[in-house]
Amino acid sequence: MTLPSERMLPRLFLVLLLAVLALAGWQWRDGTPLSANLMELVPGTAPDALELRAEQRMQEPLNREMLVLVGHKDRQQAIAMAQKLGEQWQASGVFEKVQWNLQADLPALRTQLLQGRLAMLSAADRQQLIEHPDAFIQQRVQALFDPFTGFSLVPSQDDWLGLTGRIQNSQPQRGSVQLDIGSGVLVADADGKSWVMLRARTVGNAFDMNLPLQVADLLQHSREEAAQADVQLLAASGLLYAASGQRQAAREITWVGGGATMGILLLLLLAFRRWRVVLAFVPVLVGMLFGAVACVALFGQMHVMTLVLGSSLIGVAVDYPLHYLSKSWSLKPWHSWPALRLTLPGLTLSLITSCIGYLALAWTPFPALTQIAVFSAAGLLGAYLSAVCLLPALLKGAQLRPAQWPMRIAESLLALRESLLKYVRTPVLLALLIAFCVGGLLQLQTKNDIRQWIGAPQQLTDEAQTIARITGYQPTSQFFLVRAVNQQELLERQTALSERLDQLVNLEKLQGYLSLNQLVSPPSEQRKVRDALGKLPQFWQPLLELGVPADALQAELVKLQALPTEDIDAALAGPLAEPYRTLWLGPTDNGVAAMVSLQGLNNPALLRVQALDLPGVQLVDRLGDLNKVFAATQISAAELKLASCVLIVLVLILPFGLGGALRIVSLPLLAALCSLASLGWLGQPLTLFSLFGLLLVTAISVDYAILMREQIGGAAASLLGTMLAAATTWLSFGLLAVSSTPAVSNFGLSVSLGLAYSFILAPWAGRQVHTAPVAEPAA
Amino acid sequence: MLGFSSLAQAFDLQQLSDQLAKPDVIHGNFIQEKHLRALPQPLTSKGTFVLAKNHGLLWLLKTPLQQDYRISDKGIARRDASGWQMLPNKSAGAEQNRLFLAVLQGDSSGLQRDFELSLSGDAQNWKLTLTPRSMLLKQVFNQINIDGGELVHNIELLETQGDRTLLRMQDSTSAQPLSDAEQHDFAE
């Protein structure tokens, strides 16, 4: 019964399995090699190293910082709670820096303002000084009498012309938060409450696996504590999204993986009525192991999304043992090794076609899909090897006496089909099907957006929006990258850009922006200011009339004209420059570069237009670019699908001939078309992920057509095998459809639909007239 | 000891607050002297003011130049040819103006948050000294002195940098209601 080779195989396989296990142990030696970084999953659209550096710089705060508003109707209570929480967080060890009040270094600020009186003067003030020196002096006189100008950081006798005050007032207003002068906190009043700002910066970033959860837990604890004092907390941070994403992934892996496992085991037990049949799950476990090991070996780590989507592999891997287990209905008595021998060619074909389908995903520009492809292909190989080498040995001597109900279902389905075909012939059915497809396709809408990757809970996005409304901070992901040969040119280019952005701000298309030229003017402008100061004595009579000593003014002029021309690095050194520092990229290969950050944008297309004819200015819009890549990938995915079909046809020509191969492949293609049409009829959008799902369906369901065409053990037994295989696969992919991540759920829906159609269409695969090798040996 | 504390209780912050919060509208003249460390003579300006409960303050500078200001909950506004213009809500400036209103209206609870208050004298002749509590305020003010009787008479701001501002409110009266023009100014 058992060939000598079949005695060796299990031992060889066990050696391989041990080796893979050892490798896995080594890979996991430093903890879980898992990643939750969403950006690792999307295609890199920035080939430029500088652009990449700029992007990382802009994203860093999102992934490391948390902004919390502490709100109470009494300002003092809000401040007290902010202080208490701030101290607790600082002590927690999770944060590198927690800031609840400004420790303003006024002497340093004074020094910076005095030193920068030429360099930091705003464009409007420079213009007035140069073109209307009389008005400039008049305003200064007025300011000296004005009791409400606020604190002057620099005493009048150190700055008779009031340049430091002008610099302070021309700095862009940042949101609607105000300094509470008594406590030093930043506070905003809204909705009848005072909201105190608390900022925290973590030691690691959002992609350390444990950190986001720690931060989320700490925040939850603080929320509860604050609630007892009737204080409300609002929080926004990329860390919170990461934490929620991780929790969601864990939940979904449990649901999809656990649900599929339970369902499949139940199905196996109900159909085969033997506890030993649970061993059919061994290939699934081995498959998961192989998949994970291959993934970590190739990519260094595995993404949680790969795990979620990969957990659907359970349903595909279990099909291999089902291939020969289902022969127990027709082979009596059933013995494991002969049943395997009988189905081995079909099994092998199934492995090859499925791998072709999965690996086709690897050629899309999506790292996410490359990972899933590698995980799945390696997983299938592992499942196949264990199904072929190990499982028959484990099942040796098992007496399978399967239940009759699945057979009866299969038979009655076939009977139903026969009677249907009596009334309506196949060509008519085909015509109806095509009409259905055309009708559905006409209603199909495509939709692609990076946001489909994120199943962000409503509460998080609501809170972030509330914070943006209260504080006026509305950071946008788009920014401008400005390049130039030197600092002079850079600041000039930024000035040109600023003029356009100011117009957008005036039109309320943009809330604000931050650019280095708001902090420091180009060297040429600084020289002009110095020259203009030389003419000022002709105009300063009104100051002398107030009693300002002439020699004091003269001495100040000398001091001002002696101020050195400031470059960007010098301007960035002082405390006033804090918000600007991230914008400066410094020297590059071809000169210098800096960014311009934006606030409260409502029309990205308008921005793109601004940069069109400005040399050296480029809008970096990662989200927009990604969405474009999504659309472009849709086309290449369709091409890949066709290419994979051609490849599968080539593989199948050998056993089935050209006609048979074409027929087998056309069925899954038709099924894919039907699924597309169904999406249209259901009003569901076609996304990149549904397309990827269909790509996969072709590969998996070719298997059903092969099973039906081979008809080992009769039509009913073959349909039964197909039915079981489809049911298990459908169980695992169908569960993906309930995922709260739109991308995953789209994928699950389209695969489920595709599988259903493939099963319905499979009997049309025809019947292979067996010639030599695949012939049915005597049972 | 007993005598001293009962004397202190004779006129306390609460009573001062109540006293200053009583009038609905106060009209008066002011003289502002800015003593800059480097100037031998103070910068002196004169004008009139209107302080109205629930509305805010109109500060009408007459000499040596003419300029109208309005301070209210909404912020500070300056009048130009085309009407009242709200000034940008610069954080520090807005806070200072909140303080200014609190001083004039005797809102001691608002002041106690940021300053140590010490009160001496009686209802007809009192003196209130404000010493900043926070590091930030200490870097700006050394002390604020306020004195008065039924109403506020003088406010003196001593800045850390050595400048000093003295506001003298004279001929204050609470007998006169808001004129139509003043009501219009507050409403606009």
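The values are calculated or read from the model by the stated rules, or taken from the named source; none is laboratory data. Predicted model, so just to flag it, every value in this text is computed and none were measured. Counting neighbours? That spans all protein chains shown, and the Cβs are built from the backbone with ideal geometry, glycine included.
Annotations for the structure displayed:
- So residue A:593, is it over 20 Å from residue A:498 (Cα atoms) and not polar (S, T, N, Q): no
- For segment A:392-426, a tally of residues being modelled with pLDDT of 85 or more and within 30 Å of residue A:686 (Cα to Cα) returns 0.
- Here residue A:117 qualifies as touching a Leu at 6+ places or on another chain (Cβ under 6 Å), more than 11 Å from chain B (Cβ to nearest Cβ) and either assigned to a loop (DSSP other than H, G, I, E, B) or farther than 30 Å from residue A:241 by Cα (or both).
- Criterion: closer than 29 Å to residue A:341 by Cβ and modelled with pLDDT of 85 or more - qualifying residue of A:700, A:664: A:664
- Test result for residue A:286, assigned by TED's automatic domain parsing to the domain that holds residue A:380, surrounded by fewer than 22 Cβ atoms within 10 Å (Cβ to Cβ), over 27 Å from the mean Cα position of the chain (by Cα) and not polar (S, T, N, Q): no
- Boolean, residue B:115 is farther than 26 Å from residue B:182 by Cβ, touching a residue at least 24 places away in the same chain (Cβ under 8 Å), within 12 Å of chain A (Cβ to nearest Cβ) and not hydroxyl-bearing (Ser, Thr, Tyr): yes
- Looking across B:54, B:29, one residue alone is assigned to a loop (DSSP other than H, G, I, E, B) and not β-branched (Val, Ile, Thr). It is B:54.
- Matching residues, segment A:297-320, being in contact with a strand residue (DSSP E or B) (Cβ under 8 Å, 6 or more places away or on another chain) and either basic (Lys, Arg) or not in a loop (DSSP other than H, G, I, E, B) (or both): A:302, A:303, A:304, A:307
- Meets criteria (more than 12 Å from chain A (Cβ to nearest Cβ), within 19 Å of residue B:17 (Cβ to Cβ) and among the charged types (D, E, K, R)) for residue B:150: yes
- One residue from B:101, B:16 being out of contact with any Lys or Arg (no Cβ under 8 Å at 6 or more places or on another chain), at pLDDT 85 or above and assigned to a helix (DSSP H, G or I): B:16
- You will find that of A:180, A:230, the residue that is more than 14 Å from chain B (Cβ to nearest Cβ), out of contact with any Pro (no Cβ under 8 Å at 6 or more places or on another chain), acidic (Asp, Glu) and over 21 Å from residue A:740 (Cα atoms) is A:230 and no other.
- Against the list (1) on the phi > 0 side of the Ramachandran plot; (2) surrounded by 17 or more Cβ atoms within 10 Å (Cβ to Cβ), the condition residue A:657 fails is (2).
- Among residues of segment A:368-394 that are β-branched (Val, Ile, Thr), those with a Cβ under 6 angstrom from a residue that is surrounded by 22 or more Cβ atoms within 10 Å (Cβ to Cβ), sequence gap 6+ or separate chain, pair up as A:372/A:306; A:372/A:309; A:374/A:294; A:374/A:295.
- Test: residue in segment A:674-697 that is over 23 Å from residue A:362 (Cα atoms), free of Cβ contacts under 8 Å to residues at least 60 places away in the same chain, within 28 Å of the chain's Cα centre (by Cα) and surrounded by fewer than 19 Cβ atoms within 10 Å (Cβ to Cβ): yes
- Given (1) touching a residue at least 40 places away in the same chain (Cβ under 8 Å); (2) within 30 Å of residue A:67 (Cα to Cα); (3) crowded, with 22+ Cβ neighbours inside 10 Å; (4) not acidic (Asp, Glu), number of the condition residue A:260 does not satisfy: (2)
- Search result, residues across segment A:501-514 that are part of a loop (DSSP other than H, G, I, E, B) and free of Cβ contacts under 8 Å to residues at least 40 places away in the same chain: A:507, A:508
- Subset of segment B:160-180 (residues that are surrounded by fewer than 19 Cβ atoms within 10 Å (Cβ to Cβ), modelled with pLDDT of 85 or more and over 17 Å from residue B:24 (Cα atoms)): B:164, B:165, B:166, B:168, B:170
- Going through (1) assigned by TED's automatic domain parsing to the domain that holds residue A:746; (2) surrounded by fewer than 18 Cβ atoms within 10 Å (Cβ to Cβ) one by one, residue A:385 falls short only on (2).
For (1) among the aliphatic types (A, V, I, L, M); (2) in a loop (DSSP other than H, G, I, E, B); (3) touching a strand residue (DSSP E or B) at 6+ places or on another chain (Cβ under 6 Å), each residue gets a yes or a no:
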{"residue": "B:109", "(1), (2), (3)": "no, no, no"}
{"residue": "B:121", "(1), (2), (3)": "no, no, yes"}
{"residue": "B:126", "(1), (2), (3)": "no, no, no"}
{"residue": "B:158", "(1), (2), (3)": "yes, no, yes"}
{"residue": "B:161", "(1), (2), (3)": "no, yes, no"}
{"residue": "B:170", "(1), (2), (3)": "no, no, yes"}
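- In summary, residue A:206 fulfils each of the numbered conditions (1) at pLDDT below 85; (2) out of contact with any Phe, Trp or Tyr (no Cβ under 8 Å at 6 or more places or on another chain) with the single exception of condition (2).
- All positions within segment A:120-149 that are within 10 Å of chain B (Cβ to nearest Cβ) and in a helix (DSSP H, G or I): A:138, A:141, A:142, A:144, A:145
- Subset of segment A:65-112 (residues that are assigned to a loop (DSSP other than H, G, I, E, B) and away from chain B (no Cβ under 14 Å)): A:73, A:93, A:94
- Test set (1) touching a helix residue (DSSP H, G or I) at 6+ places or on another chain (Cβ under 7 Å); (2) closer than 19 Å to residue A:489 by Cα - residue A:611 fails condition number: (1)
For every residue, the table says whether it meets (1) without any contact (Cβ under 8 Å) to a residue 60 or more places away in the chain; (2) not aliphatic (A, V, I, L, M).
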{"residue": "B:23", "(1), (2)": "no, yes"}
{"residue": "B:28", "(1), (2)": "no, yes"}
{"residue": "B:31", "(1), (2)": "no, no"}
{"residue": "B:65", "(1), (2)": "yes, no"}
{"residue": "B:81", "(1), (2)": "yes, no"}
{"residue": "B:109", "(1), (2)": "no, yes"}
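- Among residues of segment B:37-52 being within 20 Å of residue A:154 (Cα to Cα) and at pLDDT 85 or above, the one that is farthest from the other protein chains (Cβ to nearest Cβ) is B:42.
- All conditions in (1) hydrophobic (A, V, I, L, M, F, W, C); (2) under 45 Å from the mean Cα position of the chain (by Cα); (3) buried (at least 21 other Cβ atoms within 10 Å of the Cβ) hold for residue A:548, with the sole exception of (2).
- Test: residue in segment B:55-73 that is on the phi < 0 side of the Ramachandran plot, within 12 Å of chain A (Cβ to nearest Cβ), in contact with a Lys or Arg (Cβ under 7 Å, 6 or more places away or on another chain) and modelled with pLDDT under 85: yes
- The numbered conditions (1) within 9 Å of another protein chain (Cβ to nearest Cβ); (2) within 22 Å of residue A:165 (Cα to Cα); (3) surrounded by fewer than 16 Cβ atoms within 10 Å (Cβ to Cβ) are all true for residue B:142 except (1).
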